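Step one of this worksheet: look at the structure below.
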Amino acid sequence: MHEMSLCEGVVQLIEDQTRKQGFTKVSTVWLEIGALAGVEIEAMRFSFDAVAKDTVADGARLEIIEIAGRARCPACKQTVQVTARYDACPECGHYPLEILAGEEMRISELEVQ
Amino acid sequence: MCTTCGCGQGETKIEGGQHHAHDHSHEHEHPHTHAFGHGVMAAHAPGVSQSRILRIEQDILSKNNAYAADNRQQFAARGMLVLNLVSSPGSGKTTLLTRTLTDMQAEVPMAVIEGDQQTVLDAERIRATGVKAIQINTGKGCHLDAHMVGHALENLQAEDNSMLFIENVGNLVCPASFDLGEAHKVVILSVTEGEDKPLKYPDMFHAADLMLLNKTDLLPHLNFDVEQCIAHAQRVNPGIRVMQVSASSGEGMRNWYDWLRATHRMILDSAPEAMEA
Ligand SMILES: Nc1nc2c(ncn2[C@@H]2O[C@H](COP(=O)(O)OP(=O)(O)OP(=O)(O)O)[C@@H](O)[C@H]2O)c(=O)[nH]1
Ligand SMILES: [Mg+2]
Ligand SMILES: [Zn+2]
Ligand SMILES: [Zn+2]
């Protein structure tokens, strides 16, 4: 259940922004989470509401943009979709693949007042 | 909660001092005031608020990573080999450590940070060997983070040019994401857990540089396929090194000790001249 800690990280970054940017309320938080990041999206939503309580992000809507796993096959040079870190190339069966996308865990945007 | 450094966000307890001492190297860049209290929000007139969108683009783990970078810099400057030991509960981390400390403490200064949700039992097992140890209790937390380790370091007084072992909370999932500033993650897998664990928990085996396959003394009683297990680990991490050990009988431990010496030597060779022993 490290989603709780991840949400604490999100709220801490928001609190930092509060001081720098001078807003008093956050109504929407956009996160980008990769399919290979090992993050349980539902647990993230659940944790966020609890962690955001009594902070500037209390009651904020959480929008999670899921980023698909993409990798390059060093054997056949194709760029392919992957759902797990150890997937083999669907074109030629080679592994390991070089992960290009899907490991992201980013806070991308905030809607603030 | 202390939103500046995250202290007090849970029920984390660190032996041997004030958790909130804050005299560690990472300076908080601003005072601990919560500038926007509920008063401000309550006084905010409805209907006049103006929404705007802020682009942030920050890694969620960026705070932890900054603390980890501080720790790593300190370790390098002080010639310390720091290892983050990760595994599921009961794989034998503490048993492995007590034997390692007993066998090696005469040749190199050593220290341990123990992470568990509750109890100081493991730190006491370590101290029984005569080696310094600090227990971190994470409460509900399922992993150590770099900030907790930074605080524990203040209390531990580890020596320069020492080996520091950080025994993480027994959990094959969460500790993979949290860099503590270590030189290497070492994953311990015991043969009673099954050869499929590297595939079921790929992130941890991907993050580790060394896998210790422990409890090999039990192999005669099990249907555990060692080759298959190693193949699974290499599937998620082609570069992973594997050593077979029994922390109870001592079998195979010499390979691990040789690896520790060689890895520490590389760190000492690249540490600043003044730190050379
Ligand atoms: N047979 C056998 N038993 C072992 C070995 N290493 C550890 N054990 C036993 O495994 C059990 C758990 O060992 P610990 O060292 O406490 O394991 P741990 O990983 O530190 O456990 P947590 O900190 O609770 O996650 C104990 O009963 C140990 O005696 C081994 O090499 N062989
Ligand atoms: Mg233990
Ligand atoms: Zn291919
Ligand atoms: Zn602090």
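The values are calculated or read from the model by the stated rules, or taken from the named source; none is laboratory data. As the structure is a computational prediction, the values presented were derived from the model and not from experiment. Cβ atoms come from the backbone with ideal geometry, glycine included; neighbour counts cover every protein chain shown. Each accessible area value is taken on the protein alone, full model and side chains, heavy atoms only, with ligands, DNA and RNA left out. Shrake-Rupley method; radii C 1.70, N 1.55, O 1.52, S 1.80 Å.
Tabulated data
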item	result
Filter result for the condition that a residue is assigned to a helix (DSSP H, G or I) and modelled with pLDDT under 95, over A:ALA88, A:ALA37, A:ALA84, A:ALA43	A:ALA43
Only one of A:VAL80, A:VAL56, A:VAL11 that is over 28 Å from B:VAL173 (Cβ atoms) and without any contact (Cβ under 8 Å) to a residue 60 or more places away in the chain	A:VAL56
Test for B:GLN117: is it open to solvent by 50 Å² or more (accessible area, probe 1.4 Å) and farther than 18 Å from B:ARG261 by Cα	yes
Residue identified as of a type outside the set (Phe, Trp, Tyr), open to solvent by 50 Å² or more (accessible area, probe 1.4 Å) and outside any helix (DSSP H, G or I) among B:ASN223, B:ASN171	B:ASN223
Failed criterion for B:VAL149 (all others in (1) in a helix (DSSP H, G or I); (2) surrounded by fewer than 24 Cβ atoms within 10 Å (Cβ to Cβ) hold)	(2)
Single residue of the range B:158-168 satisfying the filter (open to solvent by less than 30 Å² (accessible area, probe 1.4 Å) and assigned to a loop (DSSP other than H, G, I, E, B)) that is farthest from the other protein chains (Cβ to nearest Cβ)	B:ASN161
The range A:51-64: number of residues that are open to solvent by 60 Å² or more (accessible area, probe 1.4 Å) and outside any loop (DSSP other than H, G, I, E, B)	2
Tally of residues being more than 16 Å from ligand 4 (Cβ to nearest atom) and either more than 18 Å from B:THR12 (Cβ to Cβ) or among the aliphatic types (A, V, I, L, M) (or both) across the range B:114-144	13
Yes/no for A:ALA75 being within 16 Å of ligand 3 (Cβ to nearest atom) and within 11 Å of another protein chain (Cβ to nearest Cβ)	no
For A:THR18: the one exception among (1) within 8 Å of another protein chain (Cβ to nearest Cβ); (2) within 17 Å of B:ASP59 (Cβ to Cβ); (3) open to solvent by less than 10 Å² (accessible area, probe 1.4 Å); (4) not in a strand (DSSP E or B)	(2)
Filter pass, B:LEU199 being open to solvent by less than 10 Å² (accessible area, probe 1.4 Å), over 24 Å from B:GLY250 (Cβ atoms) and away from ligand 2 (no atom under 16 Å from the Cβ)	no
Residue match in the range B:92-110 (condition: open to solvent by less than 10 Å² (accessible area, probe 1.4 Å), more than 14 Å from every other protein chain (Cβ to nearest Cβ) and within 16 Å of ligand 4 (Cβ to nearest atom))	no
Single match in A:ILE67, A:ILE41 (criterion: open to solvent by 10 Å² or more (accessible area, probe 1.4 Å), over 26 Å from B:GLY141 (Cβ atoms) and either aliphatic (A, V, I, L, M) or in contact (Cβ under 8 Å) with a residue 40 or more places away in the chain (or both))	A:ILE67
